[in-house]
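One structure is given here, and the rest of the page talks about it.
Please treat every number below as a calculation from the coordinates, not as lab data. Nothing here was measured: the structure is a model prediction, and the numbers come from that model. We place every Cβ from the backbone using ideal geometry, glycine too, and count neighbours over all the protein chains shown.
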Amino acid sequence: MSADIILAHWLTYIRLPYACRRYLEQSFPNNGLRYRKGDHYTKIINENIVQRDDNFEFRLCKTVENFKFKHRFGGRHRLDLKVEKTLEGLKSYGKSLVAFMLEKTKDAAEYEWVKTLYGELYRLTYGMSGGINWWHKRCWSALRDYLKGPIHRIYVCDALKEFKSYRSAVERWSNSKPYLYQVELPGDVWNTEFFDRIYDDFIAPLTEEHKAPIAPGALRDIYKKFSDELREKGLYPEQFDVTFDFARLCREKSCYICPLSPNHPYVEKLCIGNLSSSKQKYCPLLSTICKYLTLCNPNECPVFNESTKGLCPKPEIN
């Protein structure tokens, strides 16, 4: 069952917006079980998806007929063909994505097995024209979930129990933390916007390789230059993927509450680091901006010690 959930997660990542994925991940494992037991995937797809003009209508549950939504499943990206390509490709691996991932990583070198797996997953689903896009957002995001996600990693580790013959590969998956430095930053529009904003002042002096705002590639170049120091601190490129939570401040011109702004009186008013009981309270700044619930730790807080103040090179202060 855990392996079916991982396959459902991968398929829903291919074709659906975030709002629909969580529901589908709960609905599709039964279809994954049918697929593994012999039902042809086209039969399962036809039972759940109906084409309506240029859109595809998804029927998520036969017992809830009114729960339907439309999605451009076909469209110019031909996501329907990518789903079929994926399911066809998994036939040789017991129709299991977990088995596929283990098989593709069992002989890969320690220092690059995550990148090797990414390439194989990309070819499995997206590789229609032969080349590999090494910064594909959804491919890296899904793989990241399997390696470090709080939910899907549990399912992956549970599914590993069925594949004891892949001993070395299973050991890597079971203890993935030492390999997280190999995970790339997903090529997301939020990351690109934020990256473009800080490129001239902070990125360009460290790398000449990426003149255009290609955030994942530039961050990997910088990481290679300072890898010893960064790995010692437990840092790696994928951790830059917090821009979704902060980028809206730029879009809304909310510099007055941004901890990177050179002048942020509201930040100072919200900060509780100088209170004697602060360590027993959640940080109101992170709660306000990002909805993060993190206990105040003034001794290690870059906002409280003002080390982030003024880092933004393009503030819009009225």
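In the structure shown, do any of LYS225/LYS309; LYS177/LYS279; LYS82/LYS233; LYS177/LYS253; LYS43/LYS148; LYS104/LYS224 have a Cα-Cα gap over 30 Å, and if so which? Violating the 30 Å Cα-Cα cut-off are LYS82/LYS233; LYS177/LYS253; LYS43/LYS148.
Modelled this way, with points 7 Å down the Cα-to-C-beta line, the labels at SER287 and VAL189 are 3.2 nm from one another.
Computed from phi, the 3J(HN,Hα) profile of the stretch 300-307 under the Karplus parametrisation 6.51, -1.76, 1.60 (θ = phi - 60°) reads 10, 8, x, 6, 5, 8, 6, 6 Hz, with x in place of Gly and Pro. Here LYS106 is the anchor, and the aspartates and glutamates within straight C-alpha reach of less than 19 Å, apart from those fewer than 8 places off in the same chain, are GLU120, ASP158, GLU162, GLU171. Label zone of SER227 (point 7 Å out along Cα→Cβ, amide N under 20 Å): in the stretch 173-200 this covers 173, 176-186. Computed over neighbours whose Cβ is under 9 Å from that of TYR35, the net charge equals +2, Lys and Arg +1, Asp and Glu -1. Of the residues PHE194, LEU147, SER227, the one whose Cα sits farthest toward the positive end of the charge dipole of the stretch 142-236, with +1 on the Cβ of Lys and Arg and -1 on the Cβ of Asp and Glu, is LEU147.
Take the Cβ atoms of GLU162 and ASN297, set R0 to 41 Å, and the FRET efficiency comes out at 0.50. Between ASP196 and ASN46, the FRET efficiency estimated from the beta carbon spacing at R0 = 51 angstrom works out to 0.70.
Taking 20 °C and 1.002 mPa s as conditions, the stretch 189-240 diffuses translationally at an estimated 191 µm²/s according to Stokes-Einstein applied to its Kirkwood radius (Cα pairs). By the beta-carbon count within 10 Å of each Cβ, the least crowded to most crowded order of LYS95, LYS177, LYS106, LYS43, fewest first, is LYS177, LYS43, LYS106, LYS95. A DSSP coil position with no more than 13 other Cβ atoms inside 10 Å describes the following chymotrypsin sites (Phe, Trp or Tyr not before Pro) in the stretch 231-304: TYR292.
Relative contact order of the stretch 178-316, please, whole-number percent, based on alpha carbon pairs below 8 angstrom and at least 6 residues apart. The partial results should precede the final answer.
Values: 157 pairs, mean separation 31.8, N = 139.
Here the relative contact order equals 23 percent.
With a cut-off of 13 Å between beta carbons, the residues surrounding SER176 carry a summed charge of +1, where Lys and Arg count +1 and Asp and Glu -1.
For the stretch 259-300, the normalised intensity computed at q = 0.20, 0.21, 0.22, 0.35 Å⁻¹ comes to -0.60, -0.66, -0.72, -1.23 (log10 of I(q)/I(0), Debye sum over alpha carbons, equal scatterers, no solvent). Around the Cα centre of the stretch 189-240, unit charges on the Cβ atoms of Lys, Arg, Asp and Glu (plus for the first two, minus for the last two) sum to a dipole of about 120 debye. Sorted ascending by nearby beta carbons within 10 Å, beginning with the fewest, ARG172, ARG138, ARG248 become ARG248, ARG138, ARG172. Annotation: the residues SER141, SER287, sorted from fewest to most other C-beta atoms within 10 Å of their own C-beta, follow the order SER287, SER141. Our estimate of slack between LYS106 and GLU88, defined as 0.36 nm per intervening residue step minus the Cα-Cα distance, is 4.3 nm.
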